[in-house]
Amino acid sequence: DTITAPAAEGTYKLYVIDAVDNISIASNATLTVDNTAPTITSFVISPSGNGSYKIGQEFTITANTSENIQSGNSITVTLNNTTNTTVTLNVPGSSAGNTMEGTYTVASGDSTSSLAITGFTIVEVKDIVGNDMTPNSLPTGTDMFGGSTIVIDGISPTNQNSVFGTNIGPVKGGSIVN
């Protein structure tokens, strides 16, 4: 037998009604109707805490969601560094979960004194019953990387000749070179 789920969100007890409208006692089974779309609640990084990262260093960015989402789901986040790097975050593993993860590797030219996510694009995100995630506002404060300050320095020093000149010449060990 089949039933049609109620439209209103909530948890329902199931009863049987016979042909002459006799109602059974409530069954042990319950039916939960979920119409709420999942949202992003926070972004965290691993390793956590304040830190500075240079070219080639990497860390994991994790988006936490308000409820379990289907495996294979993902979003793309945009970072506020000088190159507006995008990183795709995916549900790890092969089962539903309430996180999406991606790895950011600092590239040459990336720079910011306080890394943040400026936006995200939903590739596909559905909760376990199929409600689509809709764009929501970005988490702020401690919900953005736990309130940590992440410095990105992917700018290599240049123009060494203006600092040292082109002809330093031989010097004795321990001498100060101007």
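Using the structure shown, decide if residue 57 is open to solvent by 40 Å² or more (accessible area, probe 1.4 Å), in contact (Cβ under 8 Å) with a residue 40 or more places away in the chain and touching a Ser or Thr at 6+ places or on another chain (Cβ under 8 Å). When the stated conditions are applied, residue 57 passes them. Report the residue count in segment 90-123 for those that are over 13 Å from residue 80 (Cα atoms), aliphatic (A, V, I, L, M) and not in a strand (DSSP E or B). Of the residues in that region, 3 qualify. The conditions of being assigned to a strand (DSSP E or B) and either at positive phi or open to solvent by 20 Å² or more (accessible area, probe 1.4 Å) (or both) are met by residue 68. Scanning segment 124-157 for residues that are among the small types (Gly, Ala, Ser) and not in a loop (DSSP other than H, G, I, E, B) yields a total of 3.
Can we say residue 109 is in contact with a strand residue (DSSP E or B) (Cβ under 8 Å, 6 or more places away or on another chain) and among the small types (Gly, Ala, Ser)? So residue 109 does not fit the description; no. Every test in (1) open to solvent by less than 60 Å² (accessible area, probe 1.4 Å); (2) at pLDDT 95 or above is passed by residue 132 save one, and that test is (1). Taken over segment 136-150, the criterion of being surrounded by 14 or more Cβ atoms within 10 Å (Cβ to Cβ) and within 15 Å of residue 46 (Cα to Cα) is satisfied by 143, 144, 145, 146, 148, 150.
What are the residues in segment 6-29 that are exposed (fewer than 10 other Cβ atoms within 10 Å of the Cβ) and part of a loop (DSSP other than H, G, I, E, B), if any?
Within segment 6-29, 7, 8, 18, 19, 20, 21, 22, 25, 28, 29 meet the criteria.
The values are calculated or read from the model by the stated rules, or taken from the named source; none is laboratory data. Just so we're clear, the structure is a prediction, and the values are computed from it rather than from any experiment. Neighbour counts run over all protein chains shown; Cβ positions are idealised from the backbone, glycine included. Accessible surface areas use protein heavy atoms only, side chains included; no ligands, DNA or RNA. Shrake-Rupley method; radii C 1.70, N 1.55, O 1.52, S 1.80 Å.
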